[in-house]
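Peer 1: Can you keep this structure in mind? I'll have questions shortly.
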Amino acid sequence: GLEALEGIVRKPVDLAILDIKMPKMDGMELLGNLRQKNDVPVIFLTSKDDEVDEVMGLRMGADDYIKKPFSQRLLMERIHAVLRRHELQSQDNSGGEVMRRGDLVLDKSRHLCAWKDTEVNLTVTEFLLVEALARRPGHVKNRDQLIDAAYGEHIYVDDRTIDSHVKRLRRKFKAVDEEFAEIETLYGVGYRYRGS
């Protein structure tokens, strides 16, 4: 752990993958030291099946948390997702824009979403979809507009993918508030965010 910290400080990296259990300095302590010096994206790997460690790591600033065993494909996808999110945050010139729509709060600079003061853990794609919908409450967004908002104009994505994302979004928000019904479906048209 100590050698990793010295190496990262000496020669900056694009992403750090840390294990919870490391000699001389554990992963949590290393993360705390890293966060004092820079904002390098961090993914934790652990064989511990302890939700407390996972929550603590995420609260301390880890970008993701993967439990062992895992496939190389999963690790690569998580790495790409974290790097994409970090790049999006770096390109955001809004100076840390925070969007508030009633009980919804979106903090773009920290990629945080909260509903009724409770954090809702969203993927980058889900975050971008919520942002696109909430930016203009009451206005309908068709699937193509949502694909552009979440993936960019030059990537082909089946429009039913958006339906799957919205379904997962609703599940995540309902886990926080069973009565959540802010994302409405307008059959044959698209989706809209009801809130004000």
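Peer 1: Can you give the extra length, in nm with one decimal, that the chain gains between LEU74 and ASP14 once fully stretched, where that is 0.36 nm per residue apart less the Cα-Cα distance?
Peer 2: Net length gain for the segment: 19.7 nm.
Peer 1: I've got another one for you. Past the 19 Å Cα-Cα mark, which pairs from LYS21/LYS68; LYS67/LYS167; LYS24/LYS67; LYS141/LYS174; LYS141/LYS167?
Peer 2: Over 19 Å Cα-Cα: LYS67/LYS167; LYS24/LYS67; LYS141/LYS174.
Peer 1: Any idea how far the Cα center of the stretch 176-196 sits from the one of the stretch 95-132, in Å?
Peer 2: 16 Å
Peer 1: Which of the three applies to the stretch 135-190, rounded, prolate or oblate, going by the alpha-carbon gyration tensor with a ≥ b ≥ c and a/c under 1.5 meaning rounded?
Peer 2: Cα axes put the stretch 135-190 in the prolate bin.
Peer 1: Now, a different point. Which of rounded, prolate, oblate describes the stretch 98-193, given a ≥ b ≥ c as roots of the alpha-carbon gyration tensor eigenvalues and a/c under 1.5 marking rounded, otherwise prolate only if a/b is larger than b/c?
Peer 2: prolate
Peer 1: Sticking with this structure for a sec: Just LYS68, LYS11, LYS174 to compare: in a GNM of the chain, with alpha carbon springs under 10 Å, which one fluctuates most?
Peer 2: The residue with the greatest mean-square fluctuation here is LYS11.
Peer 1: A further question follows. Taking only DSSP H segments of four or more residues, each worth -39500 (n - 2.57), what value at 222 nm results for the chain once the sum is divided by all its residues, to the nearest 500 deg cm²/dmol?
Peer 2: Per the formula, -14000 deg cm²/dmol.
Peer 1: Looking at the chain, which longest stretch skips every one of the chymotrypsin sites (Phe, Trp or Tyr not before Pro) that is in a DSSP loop with at most 11 other Cβ atoms within 10 Å, leaving the sites themselves out?
Peer 2: That would be 71-155.
Peer 1: At a Förster distance of 25 Å, what's the computed FRET efficiency of ALA175 paired with ASN33, Cβ-Cβ distance as r, to 0.05?
Peer 2: 0.15
Peer 1: State to the nearest 20 debye the size of the charge dipole of the stretch 105-196 about its Cα centre, where the only charges are +1 on K and R beta carbons and -1 on D and E beta carbons.
Peer 2: That gives a dipole near 80 debye.
Peer 1: Running a GNM on the chain with Cα contacts under 10 Å, which residue among ASP19, ASP117, ASP63 ends up with the highest mean-square fluctuation?
Peer 2: Looking only at ASP19, ASP117, ASP63, the largest GNM fluctuation is found for ASP117.
Peer 1: Taking R0 as 22 Å, what FRET efficiency do you get between ARG194 and VAL98 from their Cβ-Cβ distance, rounded to the nearest 0.05?
Peer 2: About 0.60, to the nearest 0.05.
Peer 1: Hey, another quick one. Select one label from (i) 15.3, 45; (ii) 31.0, 94; (iii) 18.4, 59: the one whose number is Rg and Dmax of the Cα atoms in Å as derived from the coordinates shown.
Peer 2: Among (i) 15.3, 45; (ii) 31.0, 94; (iii) 18.4, 59, the one calculated here is (iii).
Peer 1: Would you look at the GNM of the chain, springs on alpha carbons closer than 10 Å, and say which of LEU104, LEU146, LEU75 moves the most?
Peer 2: LEU75
Rule-based calculations on the coordinates, nothing more; no lab input. Keep in mind that this is a model prediction, so the values were computed, not measured. Don't worry about glycine lacking a Cβ; one is built from the backbone with ideal geometry, like all the others, and counts go over all protein chains shown.
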